[in-house]
Each structure stands twice: as C-alpha cells, then as structure tokens.
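Structure first, then comments.
Bear in mind these aren't lab numbers, they're just calculated from the coordinates by the rules spelled out. Keep in mind that this is a model prediction, so the values were computed, not measured. Virtual Cβ from ideal backbone geometry, glycine too; neighbours counted across all protein chains shown.
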Amino acid sequence: MHRPRGDVVKTLVTGSTGLVGSALVESLIAKGYEVRALARKTSNLSHLRTTGAEIVFGDITEFDTLPPAVKGIDIVFHCAAKVTPGWGAWEDYERTTVQGTRNMLRASAEAGVKRFLQVSSYTVYGEACQKGDTPADETTPCEARKTPPTYYDYSKLLAEQACWEYHRQGKINVSMIRIGSAYGPRDRLLADRMYKQTSFPILMWPGKANPRYAIVYVSDIAELAILAATSDKAIGQVYNVAGPKPVRLKEFAEALIRARGVKRTWVTMPYAVAWVWCYLMETVGKLRRAKEMPYLTLASLRSINMEGYLDGSKARNELGWEPKVSLEEGTRLYVEWLRQQSKK
C-alpha cells in the first residue's frame, strides 16, 4: 500500500546512526524507497554502510551543510536530536534539538521537499502523563517545562512548535510521531540500561515504583513513521506511538531476563539509597567532564518514578498501524543483536 509507485520516492533520514534513524533506513530500503542518510563525519558508520543507503555528510547544527543533503528529496524523516535526558547544558539541547530542527525545516522548505516527518517524544506532555489512570492522547496539552532534569523534554516541545509554525505558514507539509519508549539495536537508553541492570545475579530495584510505559520495538516505530509520512490524512497530524496496552517497567526487565536465559533475585533498594548512588555517579561524571552520560543519573531514577502512559489508538484508527513485535520477541531480538556485537 505504501510502496513507491512509478518514480522512486527519495527520502532523507537524519540521525541515521541512532536507534530510530537506523531502523527507518532499513525499513525504507526494504519497502523500495531511495534512502539518503545524513551523518556527521565523526559518527560510527559501520552499520549504515551495510544498508545500501547513500551516505551524505552534514550536521543539523550547521545550516550550510544541509542544502546538498535535501536536494531532490521528497520526504525528510527528522530523527536527529540530543538524546541524553537529564544530562547536559541547555545550550547543547537548544543548538542541536531546537535550532537543528529549524535548520532542517528551512533547508527542506527551500529545497521544495514535499513532506517532513518529525520524530518527537511523549515527554513533551510533561506532567500530563502522570495524572491518574487516563493515558495521554494527542489532544492532551503539552506541559514540558525548562528545568535541568527536563531540558530534553522542553527542547523537543520547542522543536515541535517550529515544525507546526512551518506547516501553518504553508512552507512544508508536516506530520509527527511522539514515541513513548523505543528499544532495539543501537538503543543507548532503555534496553541498554536495563540490560546492564540485569547483568548481576541480584537485581537491585529502587523502591516500589513500577511505572506504565509505551514500550515499542523500533521496527514497529519505523513502520508508523513511514505511514505518517506517506498518508495524505496524516498531513498536519501527530500520532502517539503506543501499543494496545502499557508495559510495566518490571515486565520489560523480566522479559529481558528471560531472553538472556538467566535467573535473577529481585531485591528492593530503599529509594533514598538509590538516590545517593545515582547522585554520586552523576557527580563523578561531571567532575570528570565526561561527554558520555553515566549509566545511572538522577534523571534516570526520576524516570522510574514517572509514568509514560499513552493512548495510541489514533494511529491504529486512522492509519491502520499495529505493532507486530511482541515484548518477548523484541527482547529476544535485542539480546541476539547484543551477542552478535560482542563477537565483532
């Protein structure tokens, strides 16, 4: 249904070496699209080179590098952003996520790009995801605020606003997806941290928290992104990425343990102890001026005590999207991928 007909549709994927971007490259190529992948010269291109995508070098923070990348492109899939929640200075988020998105919009509009798919996050809803048992849908007001722990959330909100401004002005047709929690190959957040957490015989769990998340395997997210970017009814629309029911965080951990074929003993750690542990790891990282986000931070501990409860029915009703990869299958695929990486 969404396979290109006649002339091949030319696409550009930003953030092409990341979790969602790399999955999009793979899915687009599998569906017959022509794919151009935007990457920085400093990025790890080992996987991207195996996909068959055309690689172009550029940086969304440097506008002058973008016009050659968008020349002749029909659809832009904008995945690039600073994805280190709770870690880093506001200036870094503003330069990459906010101004970087504006640069991509300007370059795309000036090049005559037909469609622009913005990959956003449920975090733009802010505290709205935490209110009772009603999941946030696309009509829920976005309440992300500019505070150090939520710089990522707020920067994604400003990026969204830039997209809608271009859309309202008729400069480019925008569609958007808001991801709950993605996981899969090249995941540096949810699955990576949980894999490390489940690597010891005793699994230390902070407090009694067990939030509901919209955890979706990355290939399913790529499928929705393509549907949203190619359907006329999706122009000017935003879609939450969420399965038919939420996944408790402990459910995800347990599925990952089963996928590893191991047994673990669960031990509850007092929340105050977990806070001190995360604080120390974060402080050491800052003193060392580490560029990489520590394995545990206060923001990651905060996320364990926050819901990510989303209503994804709009994508199912309007675009016919259904996640195909179950939690058991997804965690198995992720563990297999990790093991393959260790052999290289």
From SER342, SER313, residue being under 26 Å from ALA259 (Cα atoms) and small (Gly, Ala, Ser): SER342
Might you check whether a residue that is over 23 Å from the mean Cα position of the chain (by Cα) and of a type in the set (Val, Ile, Thr) occurs anywhere in the stretch 189-198? no
Among residues of the stretch 59-76 being more than 10 Å from MET104 (Cβ to Cβ) and of a type outside the set (Val, Ile, Thr), the residue surrounded by the most Cβ atoms within 10 Å (Cβ to Cβ) is ASP59
For the stretch 151-173, state whether one or more residues are buried (at least 17 other Cβ atoms within 10 Å of the Cβ) and not in a helix (DSSP H, G or I). yes
Tally, over the stretch 243-256, of residues that are touching a Phe, Trp or Tyr at 6+ places or on another chain (Cβ under 8 Å), within 16 Å of ASP133 (Cα to Cα) and in contact (Cβ under 8 Å) with a residue 60 or more places away in the chain: 2
State whether the residues of the stretch 10-17 include one that is under 24 Å from GLY180 (Cβ atoms), among the small types (Gly, Ala, Ser) and not in a helix (DSSP H, G or I). yes
Looking only at the stretch 314-335, count how many residues are of a type outside the set (Lys, Arg), farther than 13 Å from LEU224 by Cβ and in contact (Cβ under 8 Å) with a residue 24 or more places away in the chain. 8
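Quick one: in the stretch 190-210, of everything that is touching a Leu at 6+ places or on another chain (Cβ under 8 Å) and not in a strand (DSSP E or B), which residue is nearest to HIS47 (Cα to Cα)?
ALA191
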